[in-house]
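Participant: Here it is: the structure, laid out below.
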Amino acid sequence: MFLEAIGLSLVKALSSFLFSKMLVYSDINIQGAPTWFQKPESAYICISTYQEGDLGSVGIAKDKAKKQMSNKLNEIMEIVVYDNYRNLEDKSEKAFVKSFLNDEDLPIFVNKNIEFKNIEYVKKVNTTFVRGCISKDTVIEYEKERIELIRKKLTHKRADNAFEELDNSSAK
């Protein structure tokens with residue numbers, strides 16, 4: 001039950017972070033880049049990137065955006081965990097919270113959910129500009145699902161450990 005409370009708290013902290021701190025941007029203007037480059041959208045987490053080259057650079061720029069999105073989502077979770085849970089002392093609670101920092105499925109999630117809102121090849125500078133976004137609500141739902149899976153795994157592990165202890169103590 002306590003892990004559920006931590007999980008719920010983690011989702012609330014993530015939501016708060018995404019809908020407050022992520023909105024702080026300065027106006028960015030990069031000469032030669034489209035006007036939408038590096039511009040935030042309030043309901044989305046967006047990554048803008050570029051790749052020099054001919055039209056073949058579009059795929060490379062999209063792949064870069066996917067990798068950068070995975071990195072950004074990892075960074076967000078690291079900040080949320082650090083800001084809210086760095087003083088945990090219980091080992092199982094620490095393990096539960098740290099399990100959010102090692103998401104091996106994150107690249108699949110990004111690949112499935114990234115929307116390329118803008119792709120523009122600028123011939124004058126021989127560069128492709130790309131902006132990929134994922135809805136903040138989609139990220140929060142994903143993390144809620146992860147919390148439930150991790151909580152279930154920890155609960156099963158605790159149960160297995162308890163049965164193992166019982167077996168060991170009855171064997172003595």
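Participant: Among the candidates GLY53, GLY59, single out the residue that is without any contact (Cβ under 8 Å) to a residue 40 or more places away in the chain, open to solvent by less than 40 Å² (accessible area, probe 1.4 Å) and closer than 13 Å to VAL130 by Cβ.
Facilitator: Just one listed residue meets the conditions, GLY59.
Participant: Right, something else. Just to be sure, is ASP83 exposed (fewer than 14 other Cβ atoms within 10 Å of the Cβ) and closer than 26 Å to ARG151 by Cα?
Facilitator: Judged against the criteria, ASP83 is a match.
Participant: Here is a list: ARG131, ARG146. Which entry is crowded, with 17+ Cβ neighbours inside 10 Å and closer than 30 Å to ILE30 by Cβ?
Facilitator: ARG131
Participant: On to the next question. What tally of residues in the stretch 95-111 results from selecting those that are closer than 28 Å to GLY59 by Cβ and in a loop (DSSP other than H, G, I, E, B)? Before the answer, list the steps.
Facilitator: Pass one, the stretch 95-111, residues closer than 28 Å to GLY59 by Cβ: 103-111.
Next, from what is left, pick out any that are in a loop (DSSP other than H, G, I, E, B): 103-105.
Number satisfying all stated conditions: 3.
Participant: With respect to the numbered conditions (1) out of contact with any strand residue (DSSP E or B) (no Cβ under 7 Å at 6 or more places or on another chain); (2) modelled with pLDDT under 85; (3) not hydroxyl-bearing (Ser, Thr, Tyr), which one is the sole condition not fulfilled by GLY32?
Facilitator: GLY32 satisfies every listed condition except (1).
Participant: OK, next. Using beta carbons and a limit of 6 Å, which pairs, at least six apart or on different chains, have the first residue in the stretch 127-154 and farther than 12 Å from ILE45 by Cβ and the second one of a type outside the set (S, T, N, Q) and open to solvent by 30 Å² or more (accessible area, probe 1.4 Å)?
Facilitator: So the pair list comes out as THR127/TYR50; THR127/GLU52; THR128/VAL58; THR128/TYR121; PHE129/TYR50; PHE129/GLU120; VAL130/LYS62; VAL130/ILE119.
Participant: Quick one: in the stretch 112-126, which of the residues that are touching a residue at least 40 places away in the same chain (Cβ under 8 Å) and not in a strand (DSSP E or B) is most open to solvent (accessible area, probe 1.4 Å)?
Facilitator: LYS124
Participant: Six or more apart or on different chains, Cβ under 7 Å: which pairs go from a residue in the stretch 66-94 that's part of a helix (DSSP H, G or I) to one that's open to solvent by 70 Å² or more (accessible area, probe 1.4 Å)? Could you list them?
Facilitator: If the second residue must be open to solvent by 70 Å² or more (accessible area, probe 1.4 Å), the pairs left are LYS66/ASN111; SER70/PRO107.
The values are calculated or read from the model by the stated rules, or taken from the named source; none is laboratory data. Not measured: the values here are computed from a predicted model. Virtual Cβ from ideal backbone geometry, glycine too; neighbours counted across all protein chains shown. We work out accessible area using only protein heavy atoms, side chains counted, and drop any ligands, DNA or RNA first. Shrake-Rupley method; radii C 1.70, N 1.55, O 1.52, S 1.80 Å.
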